[in-house]
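Visitor: Sharing a structure with you now.
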Ligand code: AMP
Ligand code: ZN
């Protein structure tokens, strides 16, 4: 069965077919790097990661491009407020985004930065102007004339019949129901970053960035364009207007939108105190694998209500899978095969595939693997598992993990990195006991350290260097620096 995906453009679930055989070209709107990404952002990025992983698992060659919006209204405002150049301001958050994405096992797409494509954007706008689709305002800004694109509204299903020709909006994000000519290019304002280009000085609007970069990287027509549901209007509607009015071609075949995440049933917002970044959660002692698991536990088109209970359950689920894999890899089994186990593994692989083909039903794919674990554990206990059953059962787990990516037991080093980041950035107050317990560290009292050093010394005296090295590594991991001096061993905290 081919993959079936909901296409926001047709507003129904369709069979997915790529433009070129066996090759998918897709684009996701990436982060605006003006702050740390929050778990809502990562819900969307994890959903797109699941999609591209599944396409690859299905045999497609995938070209997946994501932009980094490193110039926009918010960035300009914040960098001006801090009195630092735009690049300096965004670098920190871009780096943080990439680290967080890696922490959540998001495979890195090909990245493109808006500020590195400014001449191409100016050129695109010049071509729109030549075709009468854009016009220059008195101050040197350029606007898209939406009256020239009668299909405007086709993605968001908004009816703009009564719109006022020539009314303009110059902010990137707006929620107005009546359409406005939107800014393609913004004339410079005092104190704002701007670029000298063929259409004059200024900076690009947000929407033009994505049209230009996606077409440059993937061609005028490509397979799929993705983002969170808030991007449907105006961002994606505007991208379509700019791109299709210029090329006369269908811009993207599929429009993939992830539904917004709620926290404990409410919209996430700083004022409600329910606003979390992945780093916040790690500082509270939650594992990255639990976060990723929870983010994938509800199919992307359904509302995901992020709760702390859910996060605990996710941790239990991941543990159960890891324990099962450990049990399977370490136990000794009698020779031969139990046909029922081979069949169970194969059926599980098929069920996971059918679930994901059904508009990426991640919840069902997870249910399938848990049913396998339950049945196989029962068979274990009844001593019905044989040596040759191990490979197919492990194979099913691997297939699962190609998409969900939670089996590798790598939470501790990732959490440690977040811990170090918190210490380096003055966020010590946010470091929880749970985190300290998990990644061990200054929880070691002075007496503990002394005891270990004494043990280290006797191990060395006995020429048991393996043991003494292991003890030293343990101390280093706990943030203790051990030095050998002529007066003996000294230690200090990092
Ligand atoms: P931004 O950095 O604000 O441009 O957003 C990056 C991505 O996160 C976009 O695809 C947004 O649609 C998505 N996004 C923002 N908030 C949420 C949320 N609460 N739930 C899911 N996706 C979100
Ligand atoms: Zn975009």
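Visitor: How many nm separate the modelled label positions at residue 139 and residue 408, each set 7 Å beyond the Cα in the direction of the Cβ?
Guide: Between residue 139 and residue 408, the label points sit 4.8 nm apart.
Visitor: Counting only C-alpha contacts under 8 Å and six or more residues apart, can you give the relative contact order of the chain as a whole percent?
Guide: Working: 760 pairs, mean separation 73.7, N = 494.
Relative contact order comes out at 15 percent.
Visitor: In nm, what is the difference between 0.36 nm times the number of residues separating residue 432 and residue 270 and their Cα-Cα distance?
Guide: Here the answer is 56.3 nm.
Visitor: Can you tell me the FRET efficiency between residue 147 and residue 1 if r is taken as the Cβ-Cβ distance and R0 is 35 Å, rounded to the nearest 0.05?
Guide: 0.20
Visitor: Name the shape class, rounded, prolate or oblate, that the alpha-carbon gyration tensor gives for region 45-174, where a ≥ b ≥ c are the square roots of its eigenvalues, rounded holds for a/c under 1.5, and otherwise prolate holds if a/b is larger than b/c and oblate otherwise.
Guide: The shape class here is oblate.
Visitor: Arranged from highest to lowest average of other beta-carbon atoms within 10 Å per residue, in what order do the peptides 332-340, 119-127, 6-14, 220-228 appear?
Guide: Per-residue mean Cβ counts within 10 Å order the peptides as 220-228, 119-127, 6-14, 332-340.
Visitor: Same structure again: At residue 126 and residue 474, where each label point lies 7 Å from the Cα along Cα→Cβ, what is the point-to-point distance in nanometres?
Guide: It is 6.8 nm.
Visitor: If one takes the longest principal axis of the Cα atoms in the chain, at what angle in degrees, from 0 to 90 and to the nearest 10, does the Cα axis of helix 237-247 lie?
Guide: Roughly 60 degrees, rounded to the nearest 10.
Visitor: Counting only Cα, what are the radius of gyration and maximum Cα-Cα distance Dmax of region 168-256, in Å?
Guide: 13.9, 41
Visitor: Taking a quarter of the surface of the convex hull around the Cα atoms of region 239-338, what do you get in nm²?
Guide: 12.3
Visitor: Where the centre of each part is set by its Cα atoms, how far does region 96-140 sit from region 144-159, in angstrom?
Guide: Distance between centres, Cα-based: 21 Å.
Visitor: Please list, in order, the residues from region 360-381 whose amide nitrogen is less than 16 Å from a point placed 7 Å along the Cα→Cβ vector of residue 340.
Guide: Hits in region 360-381 for residue 340 at 16 Å: 371-381.
Visitor: In addition: Quote the FRET efficiency, to the nearest 0.05, computed for residue 189 versus residue 308 with a Förster distance R0 of 51 Å and r equal to the Cβ-Cβ distance.
Guide: E between residue 189 and residue 308, to the nearest 0.05, is 0.70.
Visitor: How much of the DSSP beta bridge set in region 32-145 is antiparallel, as a percent to the nearest 5?
Guide: Once the DSSP bridges in region 32-145 are tallied, antiparallel ones form about 40 percent.
Visitor: Starting from the Cα-Cα distance between residue 82 and residue 481, subtract it from 0.36 nm times their residue separation and give me the gain in nm to one decimal.
Guide: Stretched out fully, the residue 82 to residue 481 stretch lengthens by 140.0 nm.
Visitor: If one computes P(r) from the Cα atoms of region 55-109, what percent of pairs lie at distances over 18 Å? Don't jump to the answer; show the numbers that get you there.
Guide: Details: 729 of 1485 pairs.
The share of Cα pairs beyond 18 Å in region 55-109 comes to 49 percent.
Visitor: Give me Rg/Rg_expected for region 338-494, where Rg uses Cα atoms only and Rg_expected = 2.2 N^0.38 Å with N residues.
Guide: Compactness ratio reported: 1.57.
Visitor: Hey, what angle do you get for helix 39-57 against the long axis of the chain, alpha-carbon based, 0 to 90 degrees rounded to 10?
Guide: 80
Visitor: In whole Å, how far is the Cα centre of region 232-299 from that of region 335-389?
Guide: 32
Visitor: Still on this structure, please answer the following. If each DSSP helix of 4+ residues adds -39,500 (n - 2.57) and the sum is divided by the residues in the chain, what number results at 222 nm, nearest 500 deg cm²/dmol? Could you put the intermediate results ahead of the total?
Guide: Numbers: 16 runs with 225 residues, N = 494.
The per-residue figure over the chain is -14500 deg cm²/dmol.
Visitor: Still on this structure: May I ask for the Kirkwood hydrodynamic radius of the chain, worked out over all distinct Cα pairs and given in angstroms to one decimal?
Guide: Details: mean 1/r = 0.0390 Å⁻¹.
Radius from the Kirkwood sum: 25.6 Å.
Visitor: Here's something else I'd like to know. Given contacts defined as C-alpha pairs under 8 Å and at least six residues apart, what's the relative contact order of region 168-233, whole-number percent?
Guide: 24
Visitor: So, one more: Taking the highest mean first, how do the peptides 377-385, 195-203 order by number of other beta carbon atoms within 10 angstrom per residue?
Guide: Averaged packing, sorted descending, gives the order 195-203, 377-385.
Visitor: If you don't mind, there's one more thing I want to ask. Can you tell me the 0 to 90 degree angle between the C-alpha axis of helix 73-82 and the longest principal axis of the chain, rounded to 10?
Guide: Relative to the chain, helix 73-82 is tipped by roughly 70 degrees.
Visitor: Sticking with this one: Scattering from the C-alpha atoms of region 292-411 alone, worked out with Debye: what is log10 I(q)/I(0) at q = 0.16, 0.18, 0.20 1/Å?
Guide: -0.76, -0.93, -1.10
Just so you know, all these numbers are worked out from the coordinates, no wet-lab data involved. Only a predicted model underlies this, so the values are computations on that prediction, with no experimental measurement involved. Here Cβ is always computed from backbone atoms with ideal geometry, including for glycine, and neighbour counts include all displayed protein chains.
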